[in-house]
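Trainee: First, the structure itself, so that you have it in front of you.
The values are calculated or read from the model by the stated rules, or taken from the named source; none is laboratory data. Everything quoted here is computed from the prediction, not taken from an experiment. Here Cβ is always computed from backbone atoms with ideal geometry, including for glycine, and neighbour counts include all displayed protein chains.
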Amino acid sequence: MKRARSALAILAALSCVTLVSAKAQETSIEGSQKIPERQAWSFSGPFGIYDTAQLQRGYKIYREVCSNCHSMISLKFRNLSDPGGPEFTESQIEGLAAEYKVQDGPNEQGQMFERPGRPADPFPKAFPNEQTARLANGGALPPDMSVLAKARSFERFDWFPADVAYGVWNIVTQYQTQGPDYISALLQGYSDPPKGFDMEPGQNYNEVFPGNRIAMAQPIQDGQVEYPKGQDGKPVVPETVGQYSKDVAAFLMWAAEPKLDQRKRTGFVVMFYLLVFAILMYFVKKKVWASAHA
C-alpha cells in the first residue's frame, strides 16, 4: 500500500508540473493584451476643449496616412472650419477639397464627369466598395473612422467588483477618453512577436490589439509626416510615432463628437440654471409653509 501511495503521489506531482509547464508555454506562445494607459488630453474632463493646432496636425496625418485605407463618410470638408474643430479658413478648405477629384453628373449629355472637390463634398472613400477594400487589404476590411473614437474601448478590469467600482469611478471623474487612449496605444503597440508566437501570413503583432494579431501593418513611422516648423526651423512638436498617434486620436475624437465644446458650455448653463432654481424654490417653500411651522 505504501508503495502504491508513493507512486500515486509521484504521478500527481508529475501531472502538476506538466500542467504548470503547459500553462506557462501557452502563456508565452499566446501572449497577452496590454491595457492602454490614460493619456493627458486637452478635451478630457468637464472643462476640457479641443486643441485646434492638434486637430490640424491630426487631420494632416489622416489625410496623408489613414485615408489611403480608411474612409470617414460622416464628415464633409466644410466641417473642418466649424468652431471648436480644426478651424481651417474658407480658403484653406477650398484648397483641401480641390486636391480631390469627385465624380459628378450626369451633365446635359447624360454623362458622368469628374470635377475638383468642393467644401460641401464629403470626404472621399478610399475604395469604391467593400470587395475592393478587402482585396487590397488581404481580406480585411478597414473600418470607417467617422465614429471610431467612440466605438473603440477596452476593459481595464474584467472581474467583479473591480469592474463595477471602476465604472462608477469613471462616472465621477467623467472619464470619456477610452477611445483615444486605445487608438493612441494601438498605433504605438507594434513590436516583434514573442518567441514561439504563432503568426499567419498577413498578420502583425500588436501588444494592445485583442489577441495580439492585427491585419493592419504599422501605418506610420518616425518622421513620416512633416509638421509645421517654428522660427528656429524645427518642428513645433516632435515628429515621432508617439506624437503622431496622439494627434490623430484627438482628430478622430473630434470627428466622432464635433460638438463637444458646445455641449460642455450648454451643460454649464443648465447646471447654473438648476442651481439658481433650487435656491429660489427653497425660499418659496419657506414662505409657503411659514404659517404652518409658526
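Trainee: Quickly run through region 217-243 and pick out the residues that are in contact with a helix residue (DSSP H, G or I) (Cβ under 9 Å, 6 or more places away or on another chain), under 17 Å from residue 183 (Cα atoms) and among the hydrophobic types (A, V, I, L, M, F, W, C).
Mentor: 220, 241, listed by residue number.
Trainee: For region 114-124, state whether one or more residues are at pLDDT 95 or above and of a type in the set (A, V, I, L, M).
Mentor: Yes, some residue in region 114-124 is at pLDDT 95 or above and of a type in the set (A, V, I, L, M).
Trainee: Can I ask one more? Can you tell which of 251, 268 is at pLDDT 95 or above and part of a helix (DSSP H, G or I)?
Mentor: Among 251, 268, only 251 is at pLDDT 95 or above and part of a helix (DSSP H, G or I).
Trainee: Please go through (1) surrounded by 10 or more Cβ atoms within 10 Å (Cβ to Cβ); (2) on the phi > 0 side of the Ramachandran plot for residue 252 and return the number of the only condition it doesn't satisfy.
Mentor: Residue 252 satisfies every listed condition except (2).
Trainee: Follow-up question, since we're still on this one. Please list, ordered by first then second residue, the pairs with beta carbon atoms under 7 Å, 6 or more apart or interchain, first in region 178-190 and farther than 14 Å from residue 216 by Cα, second assigned to a helix (DSSP H, G or I) and among the charged types (D, E, K, R).
Mentor: Between residues of region 178-190 that are farther than 14 Å from residue 216 by Cα and residues that are assigned to a helix (DSSP H, G or I) and among the charged types (D, E, K, R), the close pairs are 179/150; 184/246.
Okay, residues lined up against (1) of a type in the set (A, V, I, L, M); (2) surrounded by 16 or more Cβ atoms within 10 Å (Cβ to Cβ); (3) under 26 Å from the mean Cα position of the chain (by Cα):
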site: 55; (1), (2), (3): yes, yes, yes
site: 58; (1), (2), (3): no, yes, yes
site: 68; (1), (2), (3): no, no, yes
site: 77; (1), (2), (3): no, yes, yes
site: 87; (1), (2), (3): no, no, yes
site: 91; (1), (2), (3): no, no, no
site: 100; (1), (2), (3): no, yes, yes
site: 108; (1), (2), (3): no, no, no
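Trainee: Looking only at region 126-150, which residues are closer than 23 Å to residue 180 by Cα and exposed (fewer than 14 other Cβ atoms within 10 Å of the Cβ)?
Mentor: 141
Okay, residues lined up against (1) more than 26 Å from residue 90 (Cβ to Cβ); (2) at pLDDT 95 or above:
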site	(1), (2)
29	yes, no
33	yes, no
41	yes, yes
51	no, yes
57	no, yes
63	no, yes
71	no, yes
80	no, yes
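Trainee: Can I ask one more? Please note which helices (runs of 4 or more DSSP H) are completely contained in region 97-195 and include at least 2 residues that are out of contact with any helix residue (DSSP H, G or I) (no Cβ under 6 Å at 6 or more places or on another chain) and of a type outside the set (D, E, K, R). So that I can check it myself, show each step before the final result.
Mentor: Details: elements: 130-136, 148-151, 162-173, 178-187.
Here the list reads 130-136, 162-173, 178-187.
Trainee: Something else now. Would you call residue 202 of a type outside the set (Asp, Glu), out of contact with any Leu (no Cβ under 6 Å at 6 or more places or on another chain) and in a loop (DSSP other than H, G, I, E, B)? Before you say what the answer is, go through the steps one by one.
Mentor: Details: of a type outside the set (Asp, Glu): yes; out of contact with any Leu (no Cβ under 6 Å at 6 or more places or on another chain): yes; in a loop (DSSP other than H, G, I, E, B): yes.
Taking the combined requirement at face value, the residue satisfies it.
Trainee: So, one more: Considering only region 257-267, how many residues are closer than 16 Å to residue 175 by Cα and touching a Gly at 6+ places or on another chain (Cβ under 8 Å)?
Mentor: Counting residues in region 257-267 that are closer than 16 Å to residue 175 by Cα and touching a Gly at 6+ places or on another chain (Cβ under 8 Å) gives 3.
Trainee: Is it fair to say residue 220 is of a type outside the set (D, E, K, R), more than 27 Å from residue 49 (Cβ to Cβ), surrounded by 11 or more Cβ atoms within 10 Å (Cβ to Cβ) and under 21 Å from the mean Cα position of the chain (by Cα)?
Mentor: no
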